[in-house]
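Scroll down for the structure; my scribbles are underneath it.
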Amino acid sequence: MLTFSRPSRRRFLAGTAALAGAAGLGLATGRAPAYGRPLAAPAVPGTFPDVELDLVAAERPTALPAFAGKELPLWTFTPDTWLPVVRMPFGARLVTTIRNALPRPEEHASIHWHGIRVPNDQDGVPYLVQPPVFPGDGFRYSFVPPDTGTFFFHTHCNTAEHIGRGLVGILIVEGDATEPYDADEVVLVRDWRVDVEAGVFLPFTTNRGAGRAGTYGPLRTANGAVNPEMALPAVADCRLRIINFDPTRPIDLGIEGADAAIVAIDGVAVVPFPLDRWIMAPAMRIDVVVRSPADGAVARLVDYRPDDPLAIATLRGAGEPRRTGAFDPAPLRASALPPPDLVAAGTRTITFAAAGEGDAVPPDDPAFGLLGPLCLSFNDFWTIDARSWPGDGHASNPPPLAELTRGRSYRWLLRNTTQHLHPIHIHGHTFAVLGSDKRTLPPHHADTVLLLADETVEVAFVADNPGRWMLHCHIAEHQETGMMAYFTVT
Ligand SMILES: [Cu+2]
């Protein structure tokens, strides 16, 4: 059995001095980067032919490597692979047709382009911005992604089951590299709610899980395999696009046996800093540059969150060394996100809480059918500003959480009063993360901001994208049991 040392948490804890020195609202920000090179100028979109993407959401029995030879009824977007990875040049238009061939009547499926600042009618949230796409029907999306980076797409209803059955694709908008890396790989980390012996899915959601941290899967994988070995060129600077696409489980990611730097968070470039440990809750991404091991040697991506740290994937070097000299990862191109005006910004605290007094503690009975085919949830365990999303999925929209003025900046204090963590995802915009009252965070942007237990994180953004936009927890069971809201920009 593998054992791992535990790197220090020092880098992530906000000490008294850091808090005392922080500006503004007294939140801790900033961390000195360990590598010298600054971000390059933003990428300039080029002129390219349209990128055509044809998706058919359907049930396709699939024997992933992790399933020990058993086929399970995955739901996927393409017949070729359970995990389509679309790479497109910056400036091209993505034209997607989706046909819904899911096997259950009323199981609708539109596509949300997570992290991409699309026009509102392309955002894929059923009822809020487009009609639901029922089995037998289709829909066409057409937009030019305005940013480079690592994104993904998925449906936006009954997501605990849709994600649980595998329905996801990766979208990479290229053009952010300043010099070529020696490799560029996707590492999608997730559980499966699978009984491997029996070759069956376990219930995708339970009341007990939905009212607490969520229902974890017992089968932990990267790219569909348990601790897969990934071959990388030896002694090379390799880009890994690491995506947590679990419905529920956060990981505390680190690396053993190699130098590695975080170069982007949620697709947005950051000045490279060492990957020590980085907590990634569902939907969060980091782009990492790792100096791969020598020929035949290995390094490991590790989740330090369990009591016994777990190897997520093994990186094996192969061939002649590609690099010499000290590790100094090439930075990416800076984002062109609009900088919020922090002085003129409208400010507000938004509170994420459990419904009722104290923590949400539902009955312990197993809950098959907690969610119905219309993304119905019959339980309200969680609230945003004291209000649960109504218990009928997206079908009847409550009043908006906030009505924002187009072009204005906003500073939000996202306050978690619960003992569980919540990754809060914003649609149509990207947050500048200003600081936390619990941790020292590097300056960065994110479309999915992690709130630890009892943590408050300050974010800011320019409300420059008109429409109706979701703000919700990306733990699928929390989203579906109340922790979901929307705001308007007009
Ligand atoms: Cu949550």
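The values are calculated or read from the model by the stated rules, or taken from the named source; none is laboratory data. Keep in mind that what you see is a predicted model, and the values were worked out from it rather than measured. Here the Cβ positions follow ideal geometry from the backbone for every residue, glycine too, while neighbour counts run over all protein chains shown.
The table below lists the values:
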item	result
Residues of the stretch 216-240 that turn out to be β-branched (V, I, T) and over 13 Å from R316 (Cα atoms), as a count	2
Breaking point among (1) out of contact with any Asp or Glu (no Cβ under 9 Å at 6 or more places or on another chain); (2) away from the ligand (no atom under 16 Å from the Cβ); (3) within 18 Å of A281 (Cα to Cα); (4) at pLDDT 95 or above, for V433	(1)
Cβ-Cβ under 8 Å pairs, at least 6 apart or on other chains, the stretch 468-490 side outside the structural domain of G164 (by TED's automatic domain parsing) and in contact (Cβ under 8 Å) with a residue 40 or more places away in the chain, far side within 16 Å of the ligand (Cβ to nearest atom) and among the charged types (D, E, K, R)	T481/D380; G482/D380; A485/D385; A485/R387
Matching option when the condition is assigned to a loop (DSSP other than H, G, I, E, B) and either in contact with a Leu (Cβ under 7 Å, 6 or more places away or on another chain) or in the same structural domain as A231 (by TED's automatic domain parsing) (or both), among D287, D276	D276
The stretch 440-452, residues that are at pLDDT 95 or above and away from the ligand (no atom under 16 Å from the Cβ)	H444, H445
When residues of the stretch 406-417 are limited to those that are within 16 Å of the ligand (Cβ to nearest atom) and either surrounded by fewer than 21 Cβ atoms within 10 Å (Cβ to Cβ) or acidic (D, E) (or both), the one nearest to the chain's Cα centre (by Cα)	R415
Matching residues in the stretch 302-356 - criterion: being of a type in the set (D, E) and more than 24 Å from G407 (Cα to Cα)	D303, D307, D308, E320, D328
So I251, is it over 19 Å from L167 (Cα atoms), in the same structural domain as A311 (by TED's automatic domain parsing), at pLDDT 95 or above and touching a strand residue (DSSP E or B) at 6+ places or on another chain (Cβ under 7 Å)	yes
Hits in the stretch 453-490 - residues which are part of a loop (DSSP other than H, G, I, E, B), in contact with a His (Cβ under 9 Å, 6 or more places away or on another chain) and either within 12 Å of the ligand (Cβ to nearest atom) or of a type in the set (A, V, I, L, M, F, W, C) (or both)	A453, A463, H474, I475, M483
Top-ranked residue of the stretch 336-353 - restricted to ones that are assigned to a loop (DSSP other than H, G, I, E, B), modelled with pLDDT of 95 or more and under 27 Å from the mean Cα position of the chain (by Cα), ranked as surrounded by the fewest Cβ atoms within 10 Å (Cβ to Cβ)	P339
Any chance T178 is of a type outside the set (K, R) and within 16 Å of the ligand (Cβ to nearest atom)	no
Output for the stretch 225-267, where each listed residue is of a type in the set (A, V, I, L, M) and closer than 24 Å to G209 by Cβ	V226, I243, I251, L253
Residue within the stretch 298-311 that is small (G, A, S), more than 28 Å from F151 (Cβ to Cβ) and touching a Ser or Thr at 6+ places or on another chain (Cβ under 8 Å) present	no
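Residue-by-condition table, conditions (1) out of contact with any Lys or Arg (no Cβ under 6 Å at 6 or more places or on another chain); (2) over 21 Å from E179 (Cβ atoms); (3) in a strand (DSSP E or B):
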position	(1), (2), (3)
R220	yes, yes, yes
A231	no, yes, yes
V235	no, no, no
C238	yes, no, yes
R241	yes, no, yes
T248	yes, yes, no
D252	no, yes, yes
I255	yes, yes, yes
A261	yes, no, yes
